[in-house]
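Colleague: Supplied in structure tokens, the structure appears directly below.
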Amino acid sequence: MTPETQKNSSDVVVVGAGLIGLAAAWELSSRGKSVVVLEREAPGCGATSVAAGMLAPIGELDFGEPELLELNLRSRRLYPEFIAAVEAATGLDTGFRHTGALHVALDRDEAAELKRSLDLQLSFGLDSKWLGPMAARDLEPGVNPSLAGAVLVEEDAIVDPRALVEALRAALPDRGVRIVTAGVTGLIREGEGAGPVVGAETTAGDFRAPAVVAAPGAEAGIAKWLPEEIRPSVRPVKGQVVELRGDAEGPVCQRILGSERVYVAPRPDGRVILGATVEEMGFDRRVTGGGVHELLREAYRMLPDIAEMEFVDAIAGLRPGTPDNTPVIGRTAIDGLILATGHYRNGILLAPVTGLAVAELVDGHDPEWLAATDPGRFRERETS
Ligand code: GLY
């Protein structure tokens with residue numbers, strides 16, 4: 001082995017330095033694995049940088065997704081320990097706060113819809129409760145006084161995804177993880193290109209490892225370096241968000257606030273993130289007047305005080321959507337190649353459990369709690 005080859009050899013190569021790739025590197029390195037993370041752009045600059053960071057398995061629960069709920073709850077339970085370890089390693093604040101969430105109905109139709117969501121939550125034994133208008137405003141005095149009612153979810157929490165990425169970037173090198181700026185151009189395989197994966201070819205040379213974890217986010221479905229037979233059914237789902245600056249001493253809200261059409265996610269320094277549109281627009285990442293207008297209008301309807309806040313920014317990102325809204329985490333038909341993508345609306349929430357899953361898979365285990373995320377599931381449905 002030449003010194004160059006040795007330098008570029010590790011136990012695991014992770015492709016993609018969004019929060020998912022970084023969380024995988026975190027868990028792998030905590031198990032003593034040497035890890036190289038390959039990223040074409042800056043770490044965390046994709047969907048991670050746009051995400052509000054709601055850790056809201058209960059408030060964001062939708063109909064017909066019980067397996068996803070289970071995975072989301074598992075990851076939510078892992079969050080405090082994950083954050084404590086990252087913050088202890090760096091001394092950096094990741095913005096993780098157990099704020100709870102208040103989901104607001106602003107008229108009778110919205111109240112009927114919100115009660116359906118509450119019934120769904122209660123049917124799973126989740127801890128949510130209905131509040132009348134006065135009780136809701138006792139908790140969040142800024143909410144529009146004409147509200148019809150609200151659902152309080154005390155368990156939901158929030159993190160600042162950008163701050164978390166910064167903390168991981170600071171912590172990972174101390175654990176021997178190398179984050180390399182390089183675009184992946186192909187996989188290196190044994191047996192004339194048809195055998196197990198043993199590394200990745202990149203614009204910065206070859207990186208060899210007996211396990212490659214592909215975490216390319218919304219690009220997974222078009223990533224040419226992934227062989228077509230295992231390329232997952234992942235599509236980009238555009239989300240626009242607006243950032244407003246306010247007063248840390250007198251924040252407009254303490255909790256995550258949500259309505260049918262918008263959420264307001266508070267940051268510890270008084271900023272809020274208004275999110276998010278859900279648009280099937282391919283890889284278009286333009287911020288539009290209509291998108292910003294909708295977010296501001298709906299947020300203002302719920303929380304009129306936002307009108308006094310300073311406009312900071314509006315950005316758009318691409319969620320990696322899948323046909324069943326559940327991520328794709330697991331082994332592929334190609335030995336040594338693991339997929340970790342397709343997290344759709346739950347990428348930040350699912351980071352710790354995805355890191356854990358990837359580390360278990362690399363260690364040769366197949367956790368039973370990962371059954372719903374099997375990368376082969378869409379192909380099986382197509383052929384049956
Ligand atoms: N998790 C919220 C969103 O994707 O907009």
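Colleague: Projecting each Cα onto the charge dipole of region 261-384 (Lys/Arg +1, Asp/Glu -1 at the beta carbon, about the Cα centre), which of L370, P320, A333 comes out farthest on the positive side?
Modeller: Projecting each Cα onto the dipole axis, the largest value belongs to P320.
Colleague: Count the net charge of all other residues whose Cβ sits under 14 Å from the Cβ of E81, scoring Lys and Arg as +1 and Asp and Glu as -1.
Modeller: Neighbourhood net charge equals +1.
Colleague: I'd like the distance separating the alpha-carbon centroids of region 267-316 and region 328-384, in whole Å.
Modeller: Taking the Cα centre of each part, region 267-316 and region 328-384 sit 32 Å apart.
Colleague: So, counting K/R as plus one and D/E as minus one, what does the shell of residues with Cβ under 10 Å around V312 add up to?
Modeller: Around V312, the surrounding residues sum to -1.
Colleague: Any idea what the dipole of region 197-310 comes to, in debye rounded to 20, about its Cα centre with Lys/Arg Cβ at +1 and Asp/Glu Cβ at -1?
Modeller: 160
Colleague: To the nearest whole percent, what portion of all C-alpha pairs in region 69-123 is separated by more than 15 angstrom? Please report the intermediate quantities before stating the final value.
Modeller: Values: 985 of 1485 pairs.
Across region 69-123, Cα pairs with separations above 15 Å total 66 percent.
Colleague: Where does helix 108-123 land angle-wise versus the long Cα axis of the chain, in degrees 0 to 90, nearest 10?
Modeller: So the inclination is approximately 50 degrees.
Colleague: Something else: With N denoting the number of residues in the chain, provide Rg(C-alpha) divided by 2.2 N^0.38 Å, to two decimal places.
Modeller: On the way: Rg = 21.2 Å, N = 384, 2.2 N^0.38 = 21.1 Å.
Normalised by 2.2 N^0.38 Å, the Cα Rg of the chain equals 1.00.
Colleague: Here's a follow-up. Given Cα pairs under 8 Å that are at least 6 residues apart, what percent is the relative contact order of region 226-335?
Modeller: Relative contact order of region 226-335: 39 percent.
Colleague: Once every Cα of region 285-384 carries one equal point scatterer and solvent is ignored, give the base-10 log of I(q)/I(0) from the Debye formula at q = 0.12, 0.20 Å⁻¹, two decimals.
Modeller: Once normalised to I(0) and log-transformed, intensities are -0.59, -0.99.
Colleague: Now a separate question. Just to confirm the number: angle between the C-alpha axis of helix 289-302 and the first principal axis of the chain, 0 to 90 degrees, nearest 10?
Modeller: On a 0 to 90 degree scale, this one is about 50.
Colleague: Same structure again: Which value results when the Cα radius of gyration for region 157-253 is divided by 2.2 N^0.38 Å?
Modeller: Normalised Rg, Cα atoms only: 1.52.
Colleague: Further question: In whole Å, how far is the Cα centre of region 177-201 from that of region 18-50?
Modeller: Centre-to-centre (Cα) distance: 17 Å.
Colleague: For K115, give me every one of the lysines with a C-alpha distance below 19 angstrom, ignoring sequence neighbours fewer than eight places off in its own chain.
Modeller: K129
Colleague: Using the alpha-carbon centroid of each, what span in Å lies between region 58-103 and region 236-256?
Modeller: Here the answer is 18 Å between Cα centres.
Colleague: If one takes the longest principal axis of the Cα atoms in the chain, at what angle in degrees, from 0 to 90 and to the nearest 10, does the Cα axis of helix 19-30 lie?
Modeller: The answer is roughly 60 degrees.
Colleague: Which of G355, A215, H343 sits closest to the plus end of the dipole of the chain, meaning its Cα is farthest towards the positive end, when Lys and Arg get +1 and Asp and Glu get -1 on the C-beta?
Modeller: Checked the options; the winner is A215.
Colleague: Would you pull out the residues with amide H under 5 Å of I179's amide H, same chain only if 5 or more places away, H placed 1.01 Å from N?
Modeller: Amide H neighbours of I179, under 5 Å, 5+ apart: V37.
Colleague: What ratio of Cα Rg to 2.2 N^0.38 Å holds for region 229-348?
Modeller: Taking the Cα Rg and dividing by 2.2 N^0.38 Å, one obtains 1.27.
Colleague: Using the crude model of +1 on Lys and Arg Cβ and -1 on Asp and Glu Cβ, and no other charge, please compute the dipole size for the chain relative to its Cα centre, in debye to 20. Don't skip to the end; give the middle numbers.
Modeller: Working: 38 positive and 57 negative charges, 90 e Å.
Using Cβ point charges on Lys, Arg, Asp and Glu, the chain gives about 440 debye.
Colleague: In Å³ and rounded to a whole number, note down the convex hull volume per residue for the Cα atoms of region 16-161.
Modeller: About 145 Å³ per residue, rounded to a whole number.
Colleague: Mind ordering 66-72, 49-55 by average Cβ neighbours within 10 Å, highest first?
Modeller: Top of the packing list down: 49-55, 66-72.
Colleague: In addition: Out of the DSSP beta bridges found with both residues in the chain, what percent are antiparallel (nearest 5)?
Modeller: The antiparallel fraction comes to roughly 70 percent.
Colleague: Helix-only estimate, please: 222 nm mean residue ellipticity of the chain, summing -39500 (n - 2.57) across DSSP H runs of length 4 or more and dividing by its residues, to the nearest 500.
Modeller: Helix contribution divided over all residues of the chain: -9000 deg cm²/dmol.
Colleague: Additional query: Tell me whether region 109-149 comes out rounded, prolate or oblate; compute the Cα gyration tensor, take square roots of the eigenvalues as a ≥ b ≥ c, and use a/c under 1.5 as the rounded threshold.
Modeller: oblate
Values in this text are rule-based calculations from the coordinates and carry no lab data. Here the structure is a predicted model, which means the values were calculated and not measured. Here the Cβ is made from the backbone with ideal geometry for all residues, glycine too, and neighbour counts use every protein chain on show.
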